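Beneath this line is the structure, given in structure tokens, with notes to follow.
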Protein chains: 2
Amino acid sequence: MATIVILGSGIMGTALSFPASENGHEVRLVGTFLDREIVESIQTTGVHPDLGLKVNDGVTAYQLEQAKEAFEGADVVMSGVNSFGVEWIGEQLADLLQPGQKFLCITKGMRADEGTGDLQLLPDKIKEYLDPELAEQISWNAITGPSIAGELAVHHDTAVVFCGHDKDDLEYLADLFRTDYYHVWTSTDFIGHETGAATKNIYAFAAGFAEGLLRKQGKENDKYVMYNFGAAIFAQGQRELRSFVKLMGGNPDTADGLGGVGDMFVTSMGGRNVKAGTLVGQGIPFSEVRDQHMKGVTLEGVAAIKVVGKALGPLTERGVIKPEEYPLCRFLYSVVAEDAPLDIPWDKFFQDLT
Amino acid sequence: MATIVILGSGIMGTALSFPASENGHEVRLVGTFLDREIVESIQTTGVHPDLGLKVNDGVTAYQLEQAKEAFEGADVVMSGVNSFGVEWIGEQLADLLQPGQKFLCITKGMRADEGTGDLQLLPDKIKEYLDPELAEQISWNAITGPSIAGELAVHHDTAVVFCGHDKDDLEYLADLFRTDYYHVWTSTDFIGHETGAATKNIYAFAAGFAEGLLRKQGKENDKYVMYNFGAAIFAQGQRELRSFVKLMGGNPDTADGLGGVGDMFVTSMGGRNVKAGTLVGQGIPFSEVRDQHMKGVTLEGVAAIKVVGKALGPLTERGVIKPEEYPLCRFLYSVVAEDAPLDIPWDKFFQDLT
């Protein structure tokens, strides 16, 4: 039996407690400073309020001030916060992680160097907060692949890739979580999988445009919708996702798998980023969506566009990438950063066709 | 002004008459023996009954017995029938095509050699029916990419690739059709694009399973559906689609574009193949779906599974492909050919992950 501690008691971390606890492992959910009510709810009723489900026996919730206790003797440590919390979690883990623990990252995204535009994956960002000697004694791994948390929590088939640097560590971790509904592969293409997981969110925002354009024209209930439009955007997105995997030094084939196109597919099917894209499609400037219609809502896709889209500028100036690369990501950046209207730059897409 | 003749007056051929006629070209729609009522309707009212739309001025419908007249002086000849009609259209075109005409194929699919399993693209199959000397004097091209006919017909943005062997011919053809809503790229990767277009239908059938599984459990209106499941199937489908492109000798990058993942995406969003997959997901053996629930309905995806899935047997025996390749296509073949139950072979997927 292993002990797994998850820092952040949001829906994804909590969803992962289901397969782990059903395999007989102890799961300790540690709330962040934003999670106080979630932890209280689990402690008193067993119910995670956002998931709307009772957690399993063997899952215990801790408030943040009990974190040290929760981390004591844990074999596996997971980060269950979103990309906005990566600096915070880096600071926390610098104090809490203990040599020999295996880290399994759920947080997805990138950070960019303001000057050079060089992109950095979030687990690498977290690592920077640790004493280098400690960082060396931690096994660094991450979960990627199409995982809507609630679907996993209710035991619907979910297929993911645990990626990292050491195949034995990955197989150890995968075995903790594998069930007949949670299908886990392992891969040492850490860079490729994490890049796919981070960049897919960029394109999910664009997946909402078609519905918005239909609504703008009063055609949302027409016989013919706009799947052709959505599919073209998806295809250009997939080309750019693969380019990002190559740019970061990952295995391009990873773009075709669970951590690439699979994750982009599931993220395009709905959620907050898609909703934001729909509002932009309706003709609302993004700044108005952000400040009024979806004020306070966490938008991972928009965050990814802002970080990555902005970085494309200096990366282009430095000749790391070509000006004609990533036309969709550049366009999306102009939408979220400059309130550009939804004038799709079709003629810039699929430039590398021969 | 060019003259374009389309043999087959179904919805896709007719949809293509919109951009062409709006560019000032003459379009002649020739019905097959199954299209008599469609042609009559267009001749008398201008309305295509299945599309539910009036065709443009400059579009004329002909019954099959007027085909010779319609082909007279045509610059471009298109095949607007489905894959089941490929042998018929080959016979027709052997008589009707004239030297110098440019052929633009809409029909998608494959045929396989019964003995060897060797796969053949449909335009190549059609070519076999022609006198070799005539075949040499025809320019062979095809349209691929995500195109729901009705969406194109109502002028929703649609992005496609015209593929063929000669870039000048392709640009000539693309210019006939390009409008501000019909975005046309050209590519000389004829094999890659046609392979993607043919094999994507295989995986669209599987895109219906999730909805069926939910219905079987009475969970179709639950808060959490099965996008994780669908995304995993889609990702495995994309890997196999790329493998097919490589197997046929196409450019693997084509799998990421409009003729690959884009077309698979749009086909997975709905339609008859998805509906058939949903019924199988509900637990109905495929033979019952075919003979009762969807009797007489054209299922391109199932047809593709039967042809390609069956061919995998001899191709494996001959060592052309490995037994562990194409696990999803093989499984789908067992579903449609042997009424196999919906027991997804998860452990055979993503075998090439490193």
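Filtering the range B:300-333 to residues that are free of Cβ contacts under 8 Å to residues at least 12 places away in the same chain and under 18 Å from B:GLY281 (Cβ atoms) leaves nothing.
Out of the range B:220-234, which residues are free of Cβ contacts under 8 Å to residues at least 12 places away in the same chain and buried (at least 23 other Cβ atoms within 10 Å of the Cβ)?
Passing the criteria: B:ASN228, B:ALA231.
Out of the residues in the range A:174-219 meeting the condition of being assigned to a helix (DSSP H, G or I) and basic (Lys, Arg), tell me which one is surrounded by the fewest Cβ atoms within 10 Å (Cβ to Cβ).
A:LYS216
Any residue at all in the range B:124-139 that's aliphatic (A, V, I, L, M), within 21 Å of A:TYR224 (Cα to Cα) and in contact with a Lys or Arg (Cβ under 9 Å, 6 or more places away or on another chain)? Scanning the range B:124-139, I find no residue that is aliphatic (A, V, I, L, M), within 21 Å of A:TYR224 (Cα to Cα) and in contact with a Lys or Arg (Cβ under 9 Å, 6 or more places away or on another chain), so the answer is no.
Of the residues making up the range B:284-304, those that are surrounded by 13 or more Cβ atoms within 10 Å (Cβ to Cβ) and not in a helix (DSSP H, G or I) number 6.
A:GLY270 meets the stated requirement of being facing chain B (nearest Cβ under 10 Å), outside any helix (DSSP H, G or I) and surrounded by fewer than 24 Cβ atoms within 10 Å (Cβ to Cβ).
Residue-wise test of (1) within 14 Å of chain B (Cβ to nearest Cβ); (2) in contact (Cβ under 8 Å) with a residue 60 or more places away in the chain; (3) touching a His at 6+ places or on another chain (Cβ under 8 Å).
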position	(1), (2), (3)
A:THR116	no, yes, no
A:ASP124	no, no, no
A:HIS155	yes, yes, no
A:VAL160	yes, yes, yes
A:ASP166	yes, no, no
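Of the residues contained in the range A:244-258, none is found to be more than 18 Å from the chain's Cα centre (by Cα), among the polar types (S, T, N, Q) and in a helix (DSSP H, G or I). Applying the criterion of at least 1 residues that are within 19 Å of the chain's Cα centre (by Cα) to the helices (runs of 4 or more DSSP H) found wholly in the range B:79-160 leaves B:86-96, B:122-128, B:149-153.
If you go through the range A:336-351 and keep only what is open to solvent by 30 Å² or more (accessible area, probe 1.4 Å), within 14 Å of another protein chain (Cβ to nearest Cβ) and without any contact (Cβ under 8 Å) to a residue 24 or more places away in the chain, you end up with A:ASP343, A:ASP347. Could you count how many residues in the range A:305-331 are part of a helix (DSSP H, G or I) and within 12 Å of A:THR199 (Cβ to Cβ)? Total satisfying the criteria: 8.
Taking every residue in the range A:241-263 that is in the same structural domain as A:GLY319 (by TED's automatic domain parsing) and touching a residue at least 40 places away in the same chain (Cβ under 8 Å) and pairing it with any residue that is in a helix (DSSP H, G or I) and surrounded by fewer than 24 Cβ atoms within 10 Å (Cβ to Cβ), at least 6 positions away or on another chain, the pairs with Cβ-Cβ distances below 7 Å are A:VAL245/A:PRO252; A:MET248/A:ILE191; A:GLY249/A:ILE191; A:GLY250/A:ILE191; A:PRO252/A:LYS246. Among the residues making up the range B:236-267, a single one is over 17 Å from A:THR254 (Cα atoms) and among the hydroxyl-bearing types (Ser, Thr, Tyr): B:THR267.
The values are calculated or read from the model by the stated rules, or taken from the named source; none is laboratory data. Keep in mind that what you see is a predicted model, and the values were worked out from it rather than measured. Cβ: placed from backbone, ideal geometry, glycine included. Neighbour counts: every protein chain shown. Accessible surface is based on the protein model in full, side chains and every heavy atom, while ligands, DNA and RNA are left aside. Shrake-Rupley method; radii C 1.70, N 1.55, O 1.52, S 1.80 Å.
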